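Report on one structure; see the data block that follows.
The values are calculated or read from the model by the stated rules, or taken from the named source; none is laboratory data. If you're wondering where the values come from, they're calculated on a predicted model, not measured in any experiment. Reconstructed Cβ throughout: ideal geometry from the backbone, glycine too, with neighbour counts over all protein chains shown.
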Amino acid sequence: MMLGMLRGRVFYGWWIVAAGFGIEGLIGSLMFHAYGAYLVLLREEFGWSKTMLSAAFAMARAESGILGPVQGWLTDRFGPQALIRVGMVIYGIGFILFSQIQGPVMFFLTFFTMALGSSLGGYLPIGVAIVRWFRRRRALALSISGTGMSIGGLLTPLVVLAMSRFGWRWTAFASGLLVIAVGLPLAQIVRSRPEALGLTPDGDPPRTDSPDTPARVVELNFTPRQAIATRAFWYISAGHGAALLVVSAVLVHMVIHVTERLGFSLPQAASVVALMTVVQAIGQVSGGWLGDRFSKRRIAAACMLGHAVGLIVLALATAFWMVLAFAVLHGLAWGMRGPLMAAIRADYFGSASFGMISGISSMVLMVGMMGGPLVAGILADRTGSYVPGFAVLALLAALGSLFFLLARRPPLAH
């Protein structure tokens, strides 16, 4: 019934983009951007170290990397909708269990459950669906969907307000109920391929010999074995992993750094997150538009330098305006680069095995998501400052720009 209501003049692929936007928003607002605020309150209640809190985040990212190939195969085999439904249920249950933790073991287990659910129901299956529905406007479609993650960050101050007024446990419990109530209906909108509904990618008319028929993008589909045999696969994965060193470190440690080192309040730190995500949203839309018209790898390389400079500014910040400058630099780099990661893989390797190819690359990305928080957390605990850890990660991010410049489109070997 819902599908029938959504049929009409608007190409159905855009409804899938809207559903992806909503799902990414649930993940971004309730966990991804709110995680730093949860950590501040967990440290106050339990006295846990930065290293231990970083280890929980790293463990969750390890799960994503290890299960990535399996998740990719399941998405290609059973379709994105099935995985998103399962993921949203697990994600919601994880939040409900998280609200009841009393010690580090339960914290690790429940956070692992939340991360598993958000992974199964989030970025990868949504990306698989979108790259199958779009070719000419692929980067733009991915960027609009991904904007849900950044717009979700705008809700971080509301999540922090709920924590302050009702407590973090009640906030987590309510978040779990919200995920299940909203996430499952959104999953129903997602469809695997346009051909199943009698449509074509981008909503183009059926192919004819008429000269008025719009030209279509010819897609070369690599098998997973062919993809991993190319240098481009590894250069893209290494560059993406280098970017996630910075992204993950900021997600885990930025709020703690701003509140403990610079002495700002938790609401002030939440406002930095909000600004960062506003700029990220602007970057995503502009990056998607530019990515459909110019070199994706060159744009990504420039964004890596933005990540590096932004993190150095945050490390050396002595005033609030410097933190705001970091939020603009990092948010713009993250936003413009983010949707191009899936778009460039789909452009290079096709959509037929996109889930499996992306899943395999997640094993490399896992290093970035795990390493960033651990490097920053361990060095901060040992030196009493985030400057050394942030400086190391900024250097690695700058190095990542070279990987993208080297990632040229590979020929399909027959």
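Taking the stretch 232-260 as the region of interest, how many residues are at pLDDT below 85, surrounded by fewer than 24 Cβ atoms within 10 Å (Cβ to Cβ) and more than 16 Å from the chain's Cα centre (by Cα)? Qualifying residue count for the region: 3. Of the numbered criteria (1) closer than 15 Å to PHE95 by Cα; (2) surrounded by fewer than 24 Cβ atoms within 10 Å (Cβ to Cβ); (3) of a type in the set (A, V, I, L, M), the one VAL179 fails is (2).
Scanning the stretch 163-179 for residues that are aliphatic (A, V, I, L, M) and modelled with pLDDT of 90 or more yields ALA172, ALA174, LEU177, LEU178, VAL179. When the criteria are applied in full, THR51 fails the requirement of being of a type in the set (S, T, N, Q), at pLDDT 80 or above, part of a helix (DSSP H, G or I) and over 16 Å from the mean Cα position of the chain (by Cα).
Kindly indicate whether MET322 is over 27 Å from GLY79 (Cα atoms), among the aliphatic types (A, V, I, L, M) and more than 18 Å from the chain's Cα centre (by Cα). Taking the combined requirement at face value, the residue satisfies it. For the residues ALA82, ALA115, the requirement of being surrounded by fewer than 19 Cβ atoms within 10 Å (Cβ to Cβ), small (Gly, Ala, Ser) and at negative phi singles out ALA82. Taking the stretch 82-113 as the range and being among the hydrophobic types (A, V, I, L, M, F, W, C), without any contact (Cβ under 8 Å) to a residue 60 or more places away in the chain and under 14 Å from PHE46 (Cβ atoms) as the test, the residues that pass are ILE101, VAL105, MET106, PHE108, PHE111. Please tell me if PHE57 is at pLDDT below 75, out of contact with any Asp or Glu (no Cβ under 6 Å at 6 or more places or on another chain), farther than 25 Å from SER192 by Cβ and buried (at least 18 other Cβ atoms within 10 Å of the Cβ). Criteria met by PHE57. Pairs are defined by a Cβ separation below 6 Å, a sequence spacing of at least 6 or placement on different chains, a first member in the stretch 1-18 that is at pLDDT below 55, and a second member that is part of a helix (DSSP H, G or I) and surrounded by 11 or more Cβ atoms within 10 Å (Cβ to Cβ); the pairs so defined are MET2/GLN188; LEU6/TRP15. Within the stretch 269-276, does at least one residue satisfy the condition of being among the polar types (S, T, N, Q), modelled with pLDDT under 80 and surrounded by 18 or more Cβ atoms within 10 Å (Cβ to Cβ)? Yes, the conditions are met somewhere in the stretch 269-276.
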